[in-house]
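Data block below; observations after.
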Amino acid sequence: MQNSTLSDIKGIIETKNNILIVSHYSPDGDAIGSSLALSDFLDSIGKKSFVYNRDQIPNYLDFLDYKNFYNTTEAFPQDFDLLILLDLNAFERTGEDMESYINSNFVNDKKSIVVIDHHENPTINNANLHIDTDAASTGILVYRLIKKFNKKINSKIATSLLTTIITDTSSFKNSNSNIESFMVSAELMEIGAELDLINSRIFANEEIKKLQLKTKIFSTLKFEQEIRTAICFSTTMFYEETNTTKDHSTGIANSLISYSNVEIGIFIREIEQNKWKTSLRTNNYCDLASFANKFGGGGHKNAAGFTFNGELELLIKKIISELKHG
Ligand code: 5GP
Ligand code: MN
């Protein structure tokens, strides 16, 4: 499908009034930051906008102000004439409820859908897609869209947008950190984005129970020298024993690739019995989006994921064998 330009998308937005913004479940700083920034911007140009995510805003992101935020499709106050999907490119990434809502309220009714994203391998048809896999965050694309309207960005929107860059680049440590991400961040700082607040809430706000959880997770660590891959996992019991949630294990896969000789970091989390969420990270070793695709998932070259149904031992065997011989 042909990429729509941001000018096309600006044109679409101008003809619509009630806009629903949806990002992927288990949201990160990019999903939430880009949604809230776009929502605030749309409100500032006289549109009514509503933000949906299947899940709550994680605690470490609740410093971002929000209103009109929904976790259920049943509470929507009205119908919408435009759906904007952010930081995802497959309907199922919105969650089951929203996926069926989209099918009955937008796809079947042929209402406009816009997708703004930076992931590889989109699977959505019948929508206006603007995908740029070189963008460090979806927030960067929202920034570019706002610029198309020739509108000033306020300090609140700047903080949301800077959050998207800081989280998706891991503070400019990931290989998606590019010149634009620095330039846009500098401009956002000039406008008044609160970097101190972002850093203190996202990076210096750890609870000791997180360390207790990590201790358990790292006790499962395996290093496969031949494929330079470090793998570790968590089970439901680990979370129960440390009174933690899955939010306490974000960043594990990423932390593995900061060790020398580790080119691929893999963290596997038990979602429920015999259902495992796999997070994959690399600096520049291989294309993990294609790798995750083989397991029915997706993502970026450097950060990807998938869900596996079956035994953990089998999953680990399959991953290692696919990396060695695939
Ligand atoms: P994470 O490991 O942080 O959950 O995900 C890393 C990246 O891979 C994210 O950009 C996310 O969008 C993508 N990703 C993770 N899990 C899945 C999945 O099950 N399906 C698809 N298509 N992408 C995923
Ligand atoms: Mn993102």
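Here the chain is treated with +1 on each Lys and Arg Cβ and -1 on each Asp and Glu Cβ, and its dipole about the Cα centre works out to around 300 debye. With respect to the chain, whose longest principal axis is taken over its alpha-carbon atoms, helix 179-191 is tilted by about 60°.
Between 0 and 90 degrees, the angle of helix 29-44 with respect to the longest Cα principal axis of the chain falls at about 10 degrees.
Could you pull out the longest piece of the chain with no exposed loop GluC sites (Glu not before Pro) in it, calling a site exposed if DSSP puts it outside H, G, I, E, B and it has at most 12 other Cβ atoms within 10 Å? All intermediate terms of the calculation are to be shown ahead of the outcome.
Working: sites that count: GLU206, GLU226, GLU311.
My reading of the result: 1-205 is the longest stretch.
On the beta carbon distance between GLU240 and LYS318, with R0 = 22 Å, the FRET formula returns roughly 0.25.
Volume per residue of the convex hull around the Cα atoms, evaluated for the stretch 112-222, comes out as 156 Å³.
Classify the chain as rounded, prolate or oblate, taking a ≥ b ≥ c as the square roots of the eigenvalues of its Cα gyration tensor: rounded when a/c is under 1.5, otherwise prolate if a/b is larger than b/c and oblate if not.
Working: a/c = 1.67, a/b = 1.49, b/c = 1.12.
Judged from the Cα gyration tensor, the chain comes out prolate (a/c at least 1.5, a/b above b/c).
Reachable aspartates and glutamates from LYS110, Cα under 17 Å, same-chain residues fewer than 8 places away excluded? Leaving aside aspartates and glutamates fewer than 8 places away in the same chain, those within reach of LYS110 are ASP79, ASP81, GLU99.
Judged by the ratio a/c of the largest to the smallest principal axis of the C-alpha gyration tensor, the stretch 1-114 counts as rounded, that ratio being less than 1.5. Modelled label positions at SER104 and ASN18, each set 7 Å beyond Cα in the direction of Cβ, lie 1.6 nm from each other. Here the gap between GLN56 and ASN261, fully extended at 0.36 nm per residue and compared with their Cα-Cα distance, gives a gain of 70.1 nm.
The H on the amide N of VAL114, modeled in the peptide plane, is under 5 Å from the matching H of LEU83, ILE84, LEU85, ASN128, each at least 5 residues off or on a different chain. The trypsin sites (Lys or Arg not before Pro) found in the stretch 163-213 that occupy coil by DSSP, while having at most 14 further C-beta atoms within 10 Å, are LYS173. The spacing between the stretch 118-142 and the stretch 178-198, judged by their C-alpha centroids, is 21 Å.
On the beta carbon distance between ASP97 and GLN225, with R0 = 45 Å, the FRET formula returns roughly 0.55.
Can you tell me, using C-alpha contacts under 8 Å and at least 6 residues apart, the relative contact order of the stretch 152-197 as a whole percent?
Rounded, it is 60 percent for the stretch 152-197.
Each of GLU187 and LYS294 was given a label point 7 Å from its Cα along the Cα-to-Cβ line. The distance between the two points is 4.1 nm.
Measuring only protein heavy atoms, the 1.4 Å probe finds LYS317 accessible over about 150 Å².
Holding the Cα-Cα limit at 23 Å, pick out from LYS156/LYS301; LYS10/LYS173; LYS47/LYS152; LYS16/LYS147 the pairs that are longer than that. Mind showing how you got there, number by number?
Numbers: LYS156/LYS301 31 Å; LYS10/LYS173 32 Å; LYS47/LYS152 16 Å; LYS16/LYS147 19 Å.
In this structure, LYS156/LYS301; LYS10/LYS173 lie more than 23 Å apart at Cα.
In terms of its alpha-carbon gyration tensor, the stretch 63-156 comes out oblate; a/c meets the 1.5 threshold, while b/c is at least as large as a/b.
Candidates ASN243, THR138, SER181 compared by Cα position along the dipole of the chain: farthest toward the positive end lies SER181, with charges placed on Cβ. Of MET183, MET237, MET98, MET189, the order by accessible heavy-atom surface (1.4 Å probe, DNA, RNA and ligands excluded), from most exposed downward, is MET183, MET237, MET189, MET98. Against the chain, whose longest principal axis comes from its Cα atoms, helix 155-168 is set at around 30 degrees. Along the stretch 96-106 the Karplus relation, 6.51 cos²θ - 1.76 cosθ + 1.60 evaluated at θ = phi - 60°, assigns HN-Hα couplings of 4, 4, 5, 4, 6, 4, 5, 4, 7, 9, 10 Hz to successive residues, with x for each Gly and Pro. Using the basic label-point model (7 angstrom from Cα toward the beta carbon), what is the SER200 to ASP132 distance in nanometres? Inter-label distance under the simple model: 3.3 nm.
Nearest-5 percent of antiparallel DSSP beta bridges in the chain?
Numbers: 20 of 47 bridges.
The antiparallel proportion sits near 45 percent.
Per residue, the accessible area of the chain comes to 47 Å², computed with a 1.4 Å probe over protein heavy atoms only.
The values are calculated or read from the model by the stated rules, or taken from the named source; none is laboratory data. Note that the structure is predicted; figures quoted are calculated from it, not measured. Ideal geometry is used to build each Cβ from the backbone, glycine not excepted, and the neighbour counts take in all protein chains shown. Heavy atoms of the whole protein, side chains included, go into the accessibility calculation; ligands, DNA and RNA do not. Shrake-Rupley method; radii C 1.70, N 1.55, O 1.52, S 1.80 Å.
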